[in-house]
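Step one of this worksheet: look at the structure below.
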Amino acid sequence: MKTKIRIATTSLGGCFGCHMSLLDLDERLIPLAELIEFDRSPLTDIEHCTNCDIGLIEGGVCNSENVHVLREFRKNCKILVAVGACAITGGLPAMRNFIPLEECLAESYLRGIGVENAQIPNDLELPLLLDKVRPLHEVVKVDYFLPGCPPSAEVFWTFLNDLIAGREPSLPYECVHYD
Amino acid sequence: MQAFVKNIAEENQYKATHLLRILHAIQAHYHYIPKPAIEQLASLLNIARTQIIGVIEFYSFFHLSPRGRYELLISDSITDHLLGKHALTDYLAIKLNVAVGEVRTDGLVSLDNTSCTGLCDQGPAGLVNGYALPHLDHARIDQISELINQQTPVALWPSQLFQVDDHIIKPGLLLNHPLTPGEALQSTFKRGLVATLAELDTSALRGRGGAGFKTASKWQYCRDEPENQRYVVCNADEGEPGTFKDRVLLNSYAQQVIEGMTVCAAIIGAQQGFLYLRGEYLFLYDKLQQVLVERRQQGLLGNNILNSGLDFDIDICLGAGAYICGEESALIESLEGKMGIPRNRPPYPVTQGYLGKPTVVNNVETFLAAAAIAHLGGDWFASIGTGQSKGTKILSISGDCAKPGIYEYAFGTPIETILNDCGAEELLGVQIGGPSGLFISDLELQRKLAFEDLATGGSFIIFNKHRNLLDIVNNFTRFFAHESCGFCTPCRVGTSLLKNQLAKIIDGHGSAGDVVALEELCVLVKNYSHCGLGQTAANPIISTLARFPELYQSRLKNISYEPGFDLDASLENARQLANRNDAAAHLTQVEQD
């Protein structure tokens, strides 16, 4: 049997909407599953990447853990793909970039409605927040960008089939036209 | 305040087209535009208050929050950098106890940077409450600081602080023979308007702002438009860093420039003209008004000029610190009291310009030359120059040379000749045509000054071998990001991305793919921007990348990728807030194996 293309996926500062959109491939998932297999992904529960062909990442880089995960993907994936608006631009979470971090945390943990024993969380287990939410390509080298919020199932289908067939991926106009 | 604003609005006949003048007066008086004034103006001029706020935010010289009663701006042009601007600004900030970009707590003084003030041959330069301060040095800064701290009104400051020199080093065809006022008009009326336009055609004069459109054609198109009202506009919004020839022409040759405008008015049939003077040249405003008064007294302006039946007069409009207004359609928008956002072209101003009427917009130098041609004929002018570039070009030369100033050369002159004349040594290269032009290296000195080779609006900045090329490119790229009008995305976002990507490489965070990414970005900004600003904003990078690729490559790290910002430093706030400093509270800049 032919070796399957190995794909890892994760969400950093994202909402999993891009993952849901991937699942919108519906019945096309079945032929796709003939060609690919999943490595680290919310779909498999594998905790760390091993050698993969493709890494799909949704969400921007919000905290130090995101940096570590992103680096793990970069190190283990031959092709790294920024999936969706947040991964490409920072997206909605990046709206906090215009507010000082101190104010953001105070609003949530000190002044928020119903907060008791108000304090900024400082457990060693918690990743620290970056000053600004960053798109993936400002932290590691990214090979491809799939635009959309989320990218449609058609985008995933076209992109993955192109890559699997060894073609330079190219998205038709309808796939990247939003109004 | 209400009475003050009402008074100014009344002086301006409640015209919305006069919004910039009105805002200038309010800004000068209050050192910002107070909110109640905006509300009041909106109702007096019958325009939306958001439109007024838009205009205030658009122009660098208007402010929504108070500036100091002494507002100091220091020119951030590369030519000022070469002359030691950074150290002087630091000194000034210490002397006045105010940080750059801030207003001192007592409200007396504010300090900030501004784009090129057009005093490149006598910098570092600045502005105080709009008035030009050339030749800044430690002694002058001591003096200025004292005047401010003693609260001496700017009008009473020693005049030598404001002494701006012409520095005409090499006059030529035009500068050597200024016309006597009225000469060109007399010749025009004597010869006839159509015949004079034919002379202009024979002269093959092309626009001197840089684009080089044939002047006679422009005037002909405007004349041919079936409209009753037409306008003549003189573009004196000389904002291209390194250009200052128009300042000198308006200081010492204003009669002839205005005569050129009047000849144009006679030929195209205009009753009204405008001289759009960049805000940085406020010090020329009164002097130019005086020239207009004199010409009216001599019958050279106003009703029935020289008994020819021509009625024509000129208004001077002040810009307010926006480079983009040098683009002719943005300039017209600004003349109409709006934000200086370039229009779609076509229709060109010759068909739909000021208030939608046919309008000729020409550069200061073009009107100067047109006046001379109207008097002396087309052959006189066309007898020198090259095939496609007739006559002479007036250059503003600054940077690393012994004799910065104004030079006039016949088209076709090799760059080497010009560099020898102005005393340039140990050459790295020359920026021709300002940041939007071209950087040529010391290997291209046989190239010629001409539209068919090196076209220029007149900016000529020389750099010697001790200068850091990437610092120069960085200055130019930041300039465009600052001056982008914000209308179209490729330019608004693209110029900032160019700035950031270049900074990443210069700061030593770049790696193999970053120069390629920079090149791709250049192509995008150049090809997709709405107007000339965006289309040329990448030129400093493109022209230096082509000539000095090794300089860019030498800044790159030999790794596949590194972030363009300090990762660990961006956790510092979070560390402070969580009071942590354990190993997990830190990040390395690149991944450690």
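Can you tell me which residue within segment B:450-460, out of those that are touching a strand residue (DSSP E or B) at 6+ places or on another chain (Cβ under 7 Å) and among the hydrophobic types (A, V, I, L, M, F, W, C), is surrounded by the most Cβ atoms within 10 Å (Cβ to Cβ)?
Result: B:PHE460.
Go through (1) without any contact (Cβ under 8 Å) to a residue 60 or more places away in the chain; (2) open to solvent by less than 10 Å² (accessible area, probe 1.4 Å) and name the single condition B:PHE463 misses.
Condition not satisfied by B:PHE463: (1).
Among the residues of segment B:82-132, write down those that are open to solvent by 50 Å² or more (accessible area, probe 1.4 Å), under 18 Å from the mean Cα position of the chain (by Cα) and under 23 Å from B:ASN468 (Cβ atoms).
Listed by number, the list holds a single entry, B:ASN113.
Could you go through segment B:198-207 and let me know if any residue there is open to solvent by 50 Å² or more (accessible area, probe 1.4 Å), outside any helix (DSSP H, G or I) and touching a strand residue (DSSP E or B) at 6+ places or on another chain (Cβ under 8 Å).
So far as segment B:198-207 goes, yes, one or more of its residues are open to solvent by 50 Å² or more (accessible area, probe 1.4 Å), outside any helix (DSSP H, G or I) and touching a strand residue (DSSP E or B) at 6+ places or on another chain (Cβ under 8 Å).
What strands (runs of 3 or more DSSP E) lie completely within segment B:391-466 and have 2 or more residues being closer than 29 Å to B:THR495 by Cβ?
Answer list for segment B:391-466: B:392-399, B:427-432, B:438-441, B:459-464.
Among all residue pairs at least 6 apart or on different chains, which show Cβ distances below 7 Å where the first residue, located in segment A:98-116, is within 11 Å of chain B (Cβ to nearest Cβ) and open to solvent by less than 100 Å² (accessible area, probe 1.4 Å) and the second is assigned to a helix (DSSP H, G or I) and not hydrophobic (A, V, I, L, M, F, W, C)?
Taking only residues 6 or more apart or on different chains, the pairs are A:LEU101/B:ASN573; A:CYS104/A:ARG96.
Evaluate the following for B:ALA320: is it outside the structural domain of B:CYS531 (by TED's automatic domain parsing), assigned to a helix (DSSP H, G or I) and either of a type in the set (S, T, N, Q) or open to solvent by less than 10 Å² (accessible area, probe 1.4 Å) (or both)? Quick ask: steps written out before the conclusion?
Numbers: outside the structural domain of B:CYS531 (by TED's automatic domain parsing): yes; assigned to a helix (DSSP H, G or I): no; either of a type in the set (S, T, N, Q) or open to solvent by less than 10 Å² (accessible area, probe 1.4 Å) (or both): yes.
No.
From the list B:VAL525, B:VAL473, B:VAL515, pick out the single residue that is touching a residue at least 12 places away in the same chain (Cβ under 8 Å) and in contact with a Phe, Trp or Tyr (Cβ under 6 Å, 6 or more places away or on another chain).
Going through B:VAL525, B:VAL473, B:VAL515 in turn, the sole match is B:VAL515.
For segment B:383-420, how many residues meet the condition of being in contact with a helix residue (DSSP H, G or I) (Cβ under 9 Å, 6 or more places away or on another chain), open to solvent by less than 40 Å² (accessible area, probe 1.4 Å) and farther than 18 Å from B:LEU174 by Cβ?
Within segment B:383-420, residues that are in contact with a helix residue (DSSP H, G or I) (Cβ under 9 Å, 6 or more places away or on another chain), open to solvent by less than 40 Å² (accessible area, probe 1.4 Å) and farther than 18 Å from B:LEU174 by Cβ number 5.
Which one of B:ALA211, B:ALA216 is closer than 25 Å to B:LEU310 by Cβ and either part of a loop (DSSP other than H, G, I, E, B) or open to solvent by less than 10 Å² (accessible area, probe 1.4 Å) (or both)?
One residue alone meets the criteria, B:ALA216.
Given segment A:1-85, what helices (runs of 4 or more DSSP H) lie entirely inside it while holding 2 or more residues that are surrounded by fewer than 17 Cβ atoms within 10 Å (Cβ to Cβ) and under 16 Å from the mean Cα position of the chain (by Cα)?
Details: elements: A:17-23, A:29-35, A:64-76.
Filter on segment A:1-85 gives A:17-23, A:64-76.
Do you know which residues across segment B:255-292 are open to solvent by less than 10 Å² (accessible area, probe 1.4 Å), closer than 22 Å to B:PHE189 by Cβ and free of Cβ contacts under 8 Å to residues at least 40 places away in the same chain?
The answer is B:LEU292, and nothing else.
Every residue, every condition in (1) under 30 Å from B:VAL154 (Cα atoms); (2) among the hydrophobic types (A, V, I, L, M, F, W, C), yes or no:
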| residue | (1), (2) |
| --- | --- |
| B:VAL233 | no, yes |
| B:ASP313 | no, no |
| B:GLY319 | yes, no |
| B:GLU328 | no, no |
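Any residue at all in segment B:13-22 that's modelled with pLDDT of 95 or more, closer than 30 Å to B:SER459 by Cα and under 25 Å from the mean Cα position of the chain (by Cα)? Steps first, answer last, please.
First, the residues of segment B:13-22 that are modelled with pLDDT of 95 or more: B:13-22.
With closer than 30 Å to B:SER459 by Cα added as a condition, the list becomes B:20-21.
When the remaining residues are screened for being under 25 Å from the mean Cα position of the chain (by Cα), the result is B:20-21.
Yes; the residues of segment B:13-22 include at least one that is modelled with pLDDT of 95 or more, closer than 30 Å to B:SER459 by Cα and under 25 Å from the mean Cα position of the chain (by Cα).
Any residue in segment B:340-357 that is at positive phi, open to solvent by 20 Å² or more (accessible area, probe 1.4 Å) and modelled with pLDDT of 95 or more? Walk me through it before giving the result.
If we filter segment B:340-357 for residues that are at positive phi, which is where we start, we get B:355-356.
Retained after the next criterion (residues that are open to solvent by 20 Å² or more (accessible area, probe 1.4 Å)): B:355-356.
Then keep just the ones that are modelled with pLDDT of 95 or more; that gives B:355-356.
Within segment B:340-357, one or more residues are at positive phi, open to solvent by 20 Å² or more (accessible area, probe 1.4 Å) and modelled with pLDDT of 95 or more.
Looking at (1) touching a strand residue (DSSP E or B) at 6+ places or on another chain (Cβ under 7 Å); (2) part of a loop (DSSP other than H, G, I, E, B); (3) within 10 Å of chain B (Cβ to nearest Cβ), which one does A:LEU130 not meet, given that it meets all the others?
A:LEU130 satisfies all of (1) touching a strand residue (DSSP E or B) at 6+ places or on another chain (Cβ under 7 Å); (2) part of a loop (DSSP other than H, G, I, E, B); (3) within 10 Å of chain B (Cβ to nearest Cβ) except (2).
How do the helices (runs of 4 or more DSSP H) wholly within segment B:477-593 filter down when requiring 1 or more residues that are within 14 Å of chain A (Cβ to nearest Cβ): which remain?
In segment B:477-593, B:489-506, B:512-528, B:572-578 are the helices (runs of 4 or more DSSP H) which contain 1 or more residues that are within 14 Å of chain A (Cβ to nearest Cβ).
Looking at B:ALA537, B:ALA569, B:ALA546, B:ALA584, which one is surrounded by fewer than 17 Cβ atoms within 10 Å (Cβ to Cβ), modelled with pLDDT of 90 or more and closer than 23 Å to B:GLU444 by Cβ?
On inspection, the qualifying residue turns out to be B:ALA546.
Could you give me the residue pairs with C-beta distances under 9 Å whose first residue belongs to segment A:127-155 and is on the phi > 0 side of the Ramachandran plot, whose second residue is open to solvent by less than 50 Å² (accessible area, probe 1.4 Å) wherever it lies, and which are 6+ apart or on separate chains?
Between residues of segment A:127-155 that are on the phi > 0 side of the Ramachandran plot and residues that are open to solvent by less than 50 Å² (accessible area, probe 1.4 Å), the close pairs are A:GLY148/A:CYS18; A:GLY148/A:SER21; A:GLY148/A:VAL83; A:GLY148/A:GLY84; A:GLY148/A:ALA85; A:GLY148/A:VAL155; A:GLY148/A:CYS175.
The values are calculated or read from the model by the stated rules, or taken from the named source; none is laboratory data. Fair warning: this is a prediction, and the values are worked out from it, not measured in the lab. Positions of Cβ are backbone-derived with ideal geometry, glycine not excepted, and every protein chain shown enters the neighbour counts. To get the accessible areas, we keep the full protein, side chains included, count just its heavy atoms, and leave off ligands, DNA and RNA. Shrake-Rupley method; radii C 1.70, N 1.55, O 1.52, S 1.80 Å.
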